Amino acid sequence: MFIRTKIIKGKEYAYKVENIWRKRKKASRQKVGKYLGRVYTVDKEKDLNFMHVVKKDLDKYLSETDYYMIIKDLILKELLNHGFVRKKYSKYKYVKDGLMVDLKYKKVFNDKEKECVLRMNEGFLCNTTMKGLLNFKGEGSEREIGQKLANNLVEAGLVVDQDVFLALFDKIGKLNYVTMQEEPEYEEYIEEKE
């Protein structure tokens, strides 16, 4: 899966595209799938590192924190770097210029409450890429799992340090061997950080 953009009447829109293998013709075909929303480019304003978000020793944080919270903190780091600020009276919503990202419900939308896509770094942050990362299932060889995880991170517009990537990869391996439980409540986690 990847994201393709189209310009229609001067505005950019994003679509989910999948490659399908056609056995008879022995060739792949691209199938345009779901409409993801209008694309908004958000420029990088800061260069905060991951430590700015976690506010503790990185090794301790990586060993104590589960996969889901690390992904949400990576998203938060990029939002802060791109000028988003926490919405007043909300623990999990971040806003900038009429755009909002809700980390609790994994949604990206504009001021008209329509789903949208944020072009950040080399990728696109949207409902689909956020959910794809948070619901990532490592299937295949270690190499394939690593490549899929790296592709998902880049596709979502996240910049990840090597140490953090290796910790995420390790946690994916543990998730494959343990029965997956419900995702922890992000609201409780935010309260712990404050």
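Nothing in this text is a laboratory measurement; each read-out follows from the coordinates by a stated rule. Treat the numbers as computed from the prediction; the structure is a model and nothing was measured. Positions of Cβ are generated from backbone atoms using ideal geometry, with glycine treated the same way; all protein chains shown enter the neighbour counts.
Annotations
- Shown for Glu115, Glu64, Glu78, Glu18: other C-beta atoms within 10 Å of each C-beta, ranked fewest to most, produce the order Glu64, Glu18, Glu115, Glu78.
- Residue exposure proxy: Thr41, Thr5, Thr65, ordered by other Cβ atoms within 10 angstrom of their Cβ from fewest to most, comes out as Thr41, Thr5, Thr65.
- Counting other Cβ atoms within 10 Å as a rough exposure proxy, the listed residues Val108, Val39, Val32 run Val32, Val39, Val108 from fewest neighbours to most.
- Residues Asn19 and His52, FRET efficiency given R0 of 41 Å [Cβ-Cβ distance, rounded to 0.05]: 0.60
- Mean residue ellipticity, 222 nm, helices only, the chain: the sum of -39500 (n - 2.57) across DSSP H runs of n ≥ 4, divided by residue count and rounded to 500, is -11000 deg cm²/dmol.
- The longest stretch of the chain left intact once loop-based chymotrypsin sites (Phe, Trp or Tyr not before Pro) with at most 13 other Cβ atoms within 10 Å are removed from consideration, loops following DSSP, is 106-194.
- Semi-axes of the equivalent ellipsoid for region 1-158, Cα gyration tensor, largest first, Å: 28, 23, 12
- DSSP-assigned coil residues among trypsin sites (Lys or Arg not before Pro) in region 78-117, each with at most 12 further Cβ atoms within 10 Å: Lys88, Lys112, Lys114
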